[in-house]
Amino acid sequence: MADQVITFTQEGTFQAYSAACKWCEENGYSHGSMQGCSPIGILKGDWTISKWRNLNQNQRDELDGTMSCVTSFREGPVHIVIKEKG
C-alpha cells in the first residue's frame, strides 16, 4: 500500500489551499499553520500543530501526513500526502 496523495487544483487566490483545508476537516484531520512554502503538518484527530519550522524531526516523523504546494499556497496546486500506516 502506498501513501495517499490528493491534489487540489482549484483556481483563484488560496482556493486550492482552502479546498485542502476543507478536505482535512471533513475527513477528521487537523492541519498546522501556513509558513511560506514550507509543508504543513497533518494529524488525525483534533490537534494544534505548530508551523513546520517549530516541529523537530521526531514530531515531523509522527505526523499522519503533510500539505504542500508546488510553487505557492496562494495559487496552488496543493497536495495532501497521507502516510501509509505500516
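Those strands (runs of 3 or more DSSP E) of the stretch 23-86 in which at least 2 residues are touching a His at 6+ places or on another chain (Cβ under 8 Å), considering only elements entirely within it, cover 40-44, 65-69.
No other residue among GLY45, GLY12, GLY36, GLY28 is at pLDDT below 95 and on the phi > 0 side of the Ramachandran plot apart from GLY36. If you check ASP64, ASP46 for being surrounded by 11 or more Cβ atoms within 10 Å (Cβ to Cβ) and among the charged types (D, E, K, R), only one passes: ASP64. Can you work out which of the residues in the stretch 2-22 that are in a helix (DSSP H, G or I) and not charged (D, E, K, R) is farthest from LYS85 (Cα to Cα)? Of everything passing the filter in the stretch 2-22, GLN15 is farthest from LYS85 (Cα to Cα). For the stretch 24-38, the criterion of a residue being touching a helix residue (DSSP H, G or I) at 6+ places or on another chain (Cβ under 7 Å) and closer than 11 Å to PHE73 by Cα is satisfied by at least one position. For the stretch 14-43, the set of residues classified as under 12 Å from the mean Cα position of the chain (by Cα) and exposed (fewer than 14 other Cβ atoms within 10 Å of the Cβ) consists of LYS22, GLU25, SER33, CYS37, listed by residue number.
The values are calculated or read from the model by the stated rules, or taken from the named source; none is laboratory data. Everything numeric in this text was worked out from a predicted model, so none of it was measured. Please note: Cβ atoms are built from the backbone with ideal geometry, for glycine as well, and neighbour counts cover all protein chains shown.
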